Amino acid sequence: MSMTEPIETMAEPWDHLDAPPVPARAPHAGASIIPKSSLAGRSLAAVVAIMTFLASLTTGAVMLVIGAASDWQSDVAREVTIQVRPVPGRNVEADVSKAIAIARAAPGIAAARAYTKEESARLVEPWLGGGLSLDELPIPRLIVVKLFPGAKPDFAAVRTALAAQVPAASLDDHRRWIDRMRTMAGTAAAAGIAVFALVLAATVLSVTFATRGAIATNRPIIEVLHYVGATDGFVGGQFQRHFLMLGFKGAALGGGTAILLFGVAEAANTWLTGTPGGDEVAALIGTISIGVAGYLAILALIVFMALVTALASRHTVNRTLEIID
């Protein structure tokens, strides 16, 4: 080795003490401080799924009830009934003919037809049995009066004419039934809103407790992040993103199950159409279908529940971080 060549020296352990410090960097936005899969996270997703499923069922049921009530109202509002009671000393058939003539003469009346004796017997057959003779029973004769669409006849004038010419006749415009149907639809809607409010409150409480538990578990990590320069906004964003995904997964599972259930019910209703059981169900609640609007409402509910989960988590994180700071 030449005397002029530089001699290499071995680095000593304390040489790095004179080096300038490396500046600390805040965690990047793609980092995750919360485990993506945990027992608490799966439990919260299950709770959100159950709540979304219940809310979806409630929404669909309310839409079915309101739709059925609307169909009943429209059917009832298209016709009225005149009842002619048999009275001693009067000819029932003549009274029926006079009542039909009065009804047909009123403006807005499309048609008027009296039930025959056979049809009247079939009406009471479920209660009194078959083989009845209406001549031996004082069963009223019914006249079905159909209205023109959108027409509003003067029922007061019709009642006055019936009272003058056919004292044993009375007109029923089904106003009482229509009011009951409206009350039923309003009650169903109010019950649905109450159930939805309870589901929403339970979801917010579940998210709040889950968020506080996650903060308590990851508190040392949060304190280290604050020490290296992470802001409360970054920490809150991490929790919000995490719970948004949990909420969306749970809501999609619950809402998807409800959509599948309504779809199966609609298919079964279509398959049973024309059978005795299907006809009875159709007569009671109409077609079992929530329609496109119902399915869109459930999809909107899925997004809403996910947003509620994320916002409830962010609010809880912000309040908790203020206490920690």
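The values are calculated or read from the model by the stated rules, or taken from the named source; none is laboratory data. If you're wondering where the values come from, they're calculated on a predicted model, not measured in any experiment. Note: ideal-geometry Cβ built from the backbone for every residue, glycine included; neighbour counts use all protein chains shown.
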| Does G247 satisfy the criteria of being touching a residue at least 60 places away in the same chain (Cβ under 8 Å), closer than 22 Å to T58 by Cβ and part of a helix (DSSP H, G or I)? | yes
| request: Could you give me the residue pairs with C-beta distances under 7 Å whose first residue belongs to region 152-170 and is farther than 13 Å from V96 by Cβ and charged (D, E, K, R), whose second residue is modelled with pLDDT of 85 or more and part of a strand (DSSP E or B) wherever it lies, and which are 6+ apart or on separate chains? | output: R159/L171
| note | When restricted to G60, G67, the only residue at pLDDT below 85, surrounded by 15 or more Cβ atoms within 10 Å (Cβ to Cβ), in a helix (DSSP H, G or I) and not acidic (D, E) is G67
| field | Members of region 208-248 found to be modelled with pLDDT under 75 and of a type in the set (F, W, Y), listed by number | value | Y227
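Here is a yes/no grid of residues against (1) free of Cβ contacts under 8 Å to residues at least 40 places away in the same chain; (2) farther than 17 Å from G41 by Cβ; (3) surrounded by 15 or more Cβ atoms within 10 Å (Cβ to Cβ); (4) not assigned by TED's automatic domain parsing to the domain that holds A55:
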site: T203; (1), (2), (3), (4): no, no, yes, no
site: N218; (1), (2), (3), (4): no, no, yes, no
site: V224; (1), (2), (3), (4): yes, yes, no, no
site: G236; (1), (2), (3), (4): no, yes, yes, no
| Flag for V80 being under 40 Å from the mean Cα position of the chain (by Cα) and farther than 30 Å from N218 by Cβ | yes
| query | Somewhere in region 34-41, is a residue at pLDDT below 85, touching a helix residue (DSSP H, G or I) at 6+ places or on another chain (Cβ under 7 Å), crowded, with 17+ Cβ neighbours inside 10 Å and in a loop (DSSP other than H, G, I, E, B)? | reply | yes
| note | Scanning region 271-315 residue by residue, those of a type in the set (A, V, I, L, M), under 17 Å from the mean Cα position of the chain (by Cα) and modelled with pLDDT under 85 turn out to be I285, I288, I290
